[in-house]
Amino acid sequence: MSLLTQMAPLAAAAELDAAALIQRLAKPSPATIDFAEVRFSALLKQPLIVSGTLGYAGPTTLDRHVTRPYREDTEIRGESVRVSREGEPVRSFALKRAPELSGLLTAFTALLAGDHDSVRREFEIAASGDETLWQLKLTPRDARVRKHVPGIQIHGRRDLPRCFTIINDNGGASVMLLGGASQAQLPQPLTREWLERFCASPDA
Amino acid sequence: MNRSLPSILLLIGWTVVLFALGWYVQRDLVVGTDLRLFLPSPTTPAQRLLLEEIGEGPASRVLVASIEGAAPEALADTSRALVTALSGSKNFGIVTNGEMSLDAIPERLLPYRYLLSPTLDTQQLDAHYLHEQLRARAEDLASPAGAMLEPLLPRDPTLELLKVLQNWQPMHEPNRQFDVWFDGEGKRALLIAETTAPAFDPDRQRIAIDELRKTFASLNTDGSLKLTVSGPGAFSVLMEGRTRGEAQALGTAATVGMIVLLLVAYRRIGPVIVSSLPLASAGVAGLLAVSLLFDAVHGITLAFGFTRLCSRCVNCGRRLPPGSPVPASRTRHSCFPESSGSRSSPVSLSPRLLPLDSRHATCCRA
């Protein structure tokens, strides 16, 4: 109860907070950041974990290089997405076909550019927490996108995003740990609850 | 007037029977518009296939629509919205604007994915292969395409659907902008819609095209976009509409002309009304026979039949002024008494204007 009353004034000041917060997140481009992605799916007994680097060079350009446990390269250039994996033919598809990826790209690149207006154009923003430990909740404004991607959650500390959580329409989720968080030792078995606690924790 | 009671009763009885049969006929009669009925009946399987394809084959049921009047991106968005809005409709089967997506495959084709794909022609579906495939699918799930493929994987672990789609990708296809088909100049977004109605069913085709236009109008809120629909179905609607319009205009003109002519000839309304009785009787009798013996009557048959009936029966009525007996000695060229002194005798120009042949004379006497 006391926690709720403490949170209330923060929630009220959310919108103002979000604009300043997003502007602080701006990184000079091009930028490279380590990531580890944990993917939960109803089809899987255990989540899949891949890690590598994300390269960002402008609002419509993102490279995702997976180095462990196998190699896979994804290039997003404008509307076109190309996925190449060792020993397999290159797959390409339109970004519009993959609303989840599209949502991630918009949110991720706009945050790295510190472009609050772009984020607000595509998403409804709810911010909570304080400057040292914050949380942004993005809800797509477009109903069609919202159908596939009900929400994106970003946890961070000061001017660094730590976790990118995308909930998808199949009831699954993808949690992307960024920067230092991607090097964290993950427990076995790994659960979403553990990751949520990890992303919101002030230490480590 | 020298009409006897029995003749009046006969007239009333006739009219009542006529109306009763007319009501029965209009309730049961099916008016067909399928032009294939005028082609000879097919005898070989090839002919049967040809006739089937002409009327019901996919090529004849496809409508091509173009949208113009805005920037390409806006056109592509409208095209996409139109496809989404129409894809659930019962009037349309496949509606596509060239966007390839896994959910673009109709549900009824999905069970055939293993038959359609070449994979199992050379590959055994054994434990080793399946294990390999499942491992690859796990990697797919972790890839950026994962969310897209996830709903499909439980029923298609080897992704046959993707291989089928890749095989079907045409070598040459229309110009693409913003993922959807455009014309060569990039000014008109193109899409195709397969109607569930056969091409030679103008009524159902019209319903489908009306739905297409209405859906488009709801998307075209500021009225700047223009939709053009073409294809066999659109042609049959156009043809039917134009034929119906012209037939109605000409028919109305002919009827008015006939009534005027009869009024000029008789100078009384009675005979004009009475002369419609044989026409209506013959029409109802003919339609009754067709509806009892056959499935449907073709619209064209109906139109031609009535034209023939009109000319016959009105001639009969015209040459049988009520109350005046027909002299057996009357020659075929003088159906009308030239100078009988009767008030109902027609003006003398009628026989000259309308020379009658022997068949009409026979009709008069019969």
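Only the coordinates and a few stated rules stand behind these numbers; no lab work does. Note that the structure is a prediction, hence the values are computed from the model and not measured. When we count neighbours, we look across all protein chains shown, and the Cβ atoms used for this are built from the backbone with ideal geometry, even at glycine.
Pull up all non-local amide H partners of A:Gly114: gap of 5 or more, or a different chain, and H-to-H distance under 5 Å with H placed in the peptide plane.
Sorted by chain and number, the residues that satisfy this are A:Ala26, A:Lys27.
Above 20 angstrom, tally the Cα pairs of segment B:110-168 and express them as a % of all pairs, no decimals.
24
For a quick check, take a GNM of chain A with Cα springs below 10 Å and name the residue from A:Pro28, A:Pro89, A:Pro69 with the largest mean-square fluctuation.
Among A:Pro28, A:Pro89, A:Pro69, the largest GNM mean-square fluctuation belongs to A:Pro89.
As an exercise, use a Förster radius of 60 Å and the Cβ-Cβ distance of B:Ile273 and B:Arg108 to find the FRET efficiency, rounded to the nearest 0.05.
Result of the calculation: an efficiency of 0.55.
Once amide H atoms are built 1.01 Å from N in the peptide plane, which residues 5 or more positions from B:Leu63, or in another chain, come under 5 Å H to H?
B:Ala193, B:Glu194, B:Thr195
Please report, in debye to the nearest 20, how large the charge dipole of the protein assembly as shown is about its Cα centre when each Lys and Arg carries +1 at its beta carbon and each Asp and Glu carries -1 there.
I would put it at about 3600 debye.
Per residue of segment B:209-218, in order, report the coupling 6.51 cos²θ - 1.76 cosθ + 1.60 (Karplus, θ = phi - 60°) as ³J(HN,Hα) in whole Hz, putting x for Gly and Pro.
Values per residue, Gly and Pro as x: 5, 4, 5, 4, 5, 5, 4, 4, 4, 5 Hz.
What are the equivalent ellipsoid semi-axes of the protein assembly as shown, built from the alpha-carbon gyration tensor (square roots of five times its eigenvalues), in whole angstrom, biggest first?
Gyration-tensor ellipsoid for the protein assembly as shown: 79, 27, 20 Å.
I'd like the Karplus ³J(HN,Hα) series for segment B:299-305: coefficients 6.51, -1.76, 1.60, θ = phi - 60°, whole numbers in Hz, and an x wherever there's a Gly or Pro.
x, 5, 4, 4, 5, 5, x
Check cross-link reach from A:Lys137 to the lysines: straight Cα distance under 30 Å, and skip same-chain residues fewer than eight apart.
A:Lys137 reaches A:Lys27, A:Lys45, A:Lys96, A:Lys147.
Given the peptides A:104-115, B:36-47, arrange them by the average over their residues of other C-beta atoms within 10 Å, most packed first.
A:104-115, B:36-47
Against the globular-protein guess of 2.2 N^0.38 Å, express the Cα radius of gyration of segment A:2-200 as a ratio, rounded to two decimals.
1.01
Could you tell me the center-to-center distance, by alpha carbons, between segment B:167-217 and segment A:155-204 in angstrom?
46
When the Karplus curve 6.51 cos²θ - 1.76 cosθ + 1.60 is applied with θ = phi - 60°, which whole-Hz ³J(HN,Hα) does each residue of segment A:55-63 get, with x for Gly and Pro?
x, 10, 9, x, x, 10, 10, 8, 10
Which of the trypsin sites (Lys or Arg not before Pro) across segment B:75-166 are loop residues per DSSP, with 13 or fewer other Cβ within 10 Å?
Qualifying residues, ordered by number: B:Lys90, B:Arg155.
Report the net charge of residues surrounding B:Gly55, where surrounding means a beta-carbon distance below 11 angstrom and charges are Lys +1, Arg +1, Asp -1, Glu -1.
Net local charge, B:Gly55 excluded: -3.
Please name whichever of B:Pro144, B:Tyr112, B:Gln124 sits farthest to the positive end of the charge dipole of segment B:110-168, dipole taken about the Cα centre and charges placed at Cβ: Lys and Arg +1, Asp and Glu -1.
Towards the positive end, the residue furthest out is B:Tyr112.
Could you tell me which residue out of A:Leu43, A:Ala127, A:Leu105 lies farthest along the dipole of chain A toward its positive end? Charges go on the beta carbon: Lys and Arg +1, Asp and Glu -1, centred on the Cα centre.
Comparing the listed Cα positions along the dipole, A:Leu43 ranks first.
Using +1 on the beta carbon of Lys and Arg, -1 on that of Asp and Glu, and nothing else charged, what's the dipole of segment A:2-200 about the Cα centre, debye to 20?
Magnitude of the dipole: close to 380 debye.
Would you work out which of A:Gln153, A:Gly179, A:Pro140 lies farthest towards the positive end of the dipole of segment A:140-204, given +1 charges on the beta-carbon of Lys and Arg and -1 on that of Asp and Glu, about the Cα centre?
Comparing the listed Cα positions along the dipole, A:Pro140 ranks first.
Sequence-distant or interchain residues sharing an amide H contact under 5 Å with A:Phe123, placed H: which?
A:Arg141
What shape does segment B:31-127 take by its C-alpha gyration tensor, where a ≥ b ≥ c are the square roots of the eigenvalues and a/c under 1.5 counts as rounded, a/b above b/c as prolate, and the rest as oblate?
It is oblate, given that a/c is not under 1.5 and a/b is not larger than b/c.
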